[in-house]
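The values are calculated or read from the model by the stated rules, or taken from the named source; none is laboratory data. This one's a predicted model, so the numbers in the text were calculated from it and none came from an experiment. Cβ atoms come from the backbone with ideal geometry, glycine included; neighbour counts cover every protein chain shown. Please note that ligands, DNA and RNA were not included when accessible areas were found on the heavy atoms of the full protein model with its side chains. Shrake-Rupley method; radii C 1.70, N 1.55, O 1.52, S 1.80 Å.
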Amino acid sequence: NALCFTAGGAGLLLVLAPASQQVELRWLSVVLGVARRRLRLASADECVDLFGAVPGRVPPVPLRAGVRVLCHPSLGECAELWGSSGDPLHILRVQSPRVALPHLAAAAARGLAPGEPAFAWLPPPGVWHGSLDDALDSMAAAAEAMWRDAATRQRPHSQRPGLVSETASGYLKQQQLQAPNLGDGGSDGDSDGGS
């Protein structure tokens, strides 16, 4: 898909994304550093006037001046892409998109600010979070999975005593219960080195 966006101070954007995936606007606004409310899909009239193509027939190459191309990283892994040519009777085939798309965008670039790239690969959406809460939840889930994996690797399942909980804090509590006594073996637990 070639999607036309207006993004306030970020200008006009042609976002290339797999047809099987929806473009997450919160993620895109974070990547661009613009407020979510400033980022929006172009209207049908804006597609024609600002981007040079009717919706549904937008090619993966800018047709008007001042349009930057942003590409989803998964498209660079494809051997070839098929897209609209802007003409209903023709289809555009792009071989080796990792190499070809930046060159096509650069060849069509005009009207951009000096030093502003005509093309950029977007970061993987999975590394971005819409809010601090989402990021913290993701980090907590990853930490919990890491602790659970570590607990499973340390002991075979048949020898593993029941954990207080499958959470990381439960694992830590269980380890504290099993910690060896560092004392002298029969005294009150004093470990002053035996005087």
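For segment 52-92, the candidate set comprises residues that are among the charged types (D, E, K, R) and more than 29 Å from Pro114 (Cβ to Cβ); within that set, the residue that is surrounded by the fewest Cβ atoms within 10 Å (Cβ to Cβ) is Glu77. One residue alone among Gln21, Gln95 is open to solvent by 30 Å² or more (accessible area, probe 1.4 Å), out of contact with any helix residue (DSSP H, G or I) (no Cβ under 9 Å at 6 or more places or on another chain) and not hydroxyl-bearing (Ser, Thr, Tyr), and that residue is Gln95. Once segment 108-124 is narrowed to residues that are of a type in the set (A, V, I, L, M) and surrounded by 12 or more Cβ atoms within 10 Å (Cβ to Cβ), the residue that is farthest from Ala65 (Cα to Cα) is Leu122. For Val67, the conditions (1) under 11 Å from Leu3 (Cα atoms); (2) at pLDDT 90 or above are fulfilled apart from (1). Out of Arg68, Arg64, Arg40, one residue alone is under 19 Å from Trp121 (Cα atoms) and either in contact (Cβ under 8 Å) with a residue 24 or more places away in the chain or acidic (Asp, Glu) (or both). It is Arg68.
Name the strands (runs of 3 or more DSSP E) wholly inside segment 1-114 in which the number of residues that are within 20 Å of the chain's Cα centre (by Cα) is 2 or more. By residue number, 2-7, 12-16, 39-41, 67-71.
Would you mind stating whether Ala142 is in a helix (DSSP H, G or I) and either at pLDDT below 75 or of a type in the set (S, T, N, Q) (or both)?
yes
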